[in-house]
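**Q** Let me begin by handing over the structure; questions about it come next.
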Amino acid sequence: MSWKVFTLSFLWFIASLFWIVFCSVQDKEWWIGQGDIKNICDLMNYIENDDIRDVGIFYSLPVFFPAIYAIVIKRKRYWFLYLITLFISAYWLWQFFIRYQFCL
């Protein structure tokens, strides 16, 4: 693995994290920690049905295009690329799905 692959993968990782956070933030998530709202579950119960995750999911999917291009089309087999793709996928799942599953 060359330094170019490492640098591009690292920059893609950082940019992807920022884009996922930007697309997954709820409208009034800044209310957490103020008053009776202690976590995301309290926020979802407090505000009216203002869930915009479906739009954020659609806009955040292009984050995976570089991995699809490198792994499927170019057939690059770098362990670091697989690791970065795994971390980005896990963080994407956490931000859009898993953190809401514990709200009963």
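**Q** If you wrap the stretch 29-90's Cα atoms in a convex hull and average its projection over all directions, what's the area in nm²?
**A** 5.7
**Q** Give or take rounding to whole Å, what are the principal axis extents of the alpha carbon atoms in the chain, in descending order?
**A** 51, 22, 20
**Q** Let's test the formula: R0 of 30 Å, r as the Cβ-Cβ distance of Lys38 and Leu17. What FRET efficiency results, to the nearest 0.05? Kindly include the intermediate steps, with their values, before the conclusion.
**A** Details: r = 25 Å, r/R0 = 0.83.
With R0 = 30 Å, the Cβ-Cβ based efficiency is 0.75.
**Q** Rounded to the nearest 10 degrees, what's the angle between the helix 3-24 long axis and the longest principal axis of the chain, both from Cα atoms, 0 to 90?
**A** That helix lies at roughly 20 degrees to the long axis.
**Q** Let me ask something additional. Is there a quick way to get the dipole size of the chain? I mean about its Cα centre, with the Cβ of Lys and Arg at +1 and of Asp and Glu at -1; what is the value in debye to the nearest 20?
**A** Charge dipole of the chain: 980 debye, to the nearest 20.
**Q** Continuing with this model, one more query. Write out the cysteines belonging to the chain for which the nearest other cysteine Cβ is not under 4.7 Å, or none if no such cysteine exists.
**A** Cys23
**Q** Turning to a different aspect of this structure: Compute the FRET efficiency between Trp31 and Ala90 as 1/(1 + (r/R0)^6), taking r as their Cβ-Cβ distance and R0 = 22 Å, and round to the nearest 0.05.
**A** Computed FRET efficiency for Trp31 and Ala90 comes out at 0.25.
**Q** Quick one: check the C-alpha center-to-center distance for the stretch 1-49 versus the stretch 69-100, whole angstrom.
**A** So the two Cα centres are separated by 16 Å.
**Q** Given a Förster distance of 41 Å, report the FRET efficiency between Ile57 and Phe6 from their Cβ-Cβ distance, rounded to the nearest 0.05.
**A** Values: r = 29 Å, r/R0 = 0.71.
After rounding to 0.05, the efficiency reads 0.90.
**Q** For the chain, build the charge dipole from Cβ charges (+1 Lys, Arg; -1 Asp, Glu) around the Cα centre, then report which of Gly33, Thr7, Phe64 sits farthest towards its positive end.
**A** Positive-end residue among those listed: Thr7.
**Q** Can you tell me, using C-alpha contacts under 8 Å and at least 6 residues apart, the relative contact order of the chain as a whole percent?
**A** About 38 percent, as a whole number.
Any read-out appearing in this document is the output of simple, stated calculations on the displayed coordinates, not a laboratory observation. Since this is a predicted model, take the numbers as computed values, not measurements. Virtual Cβ from ideal backbone geometry, glycine too; neighbours counted across all protein chains shown.
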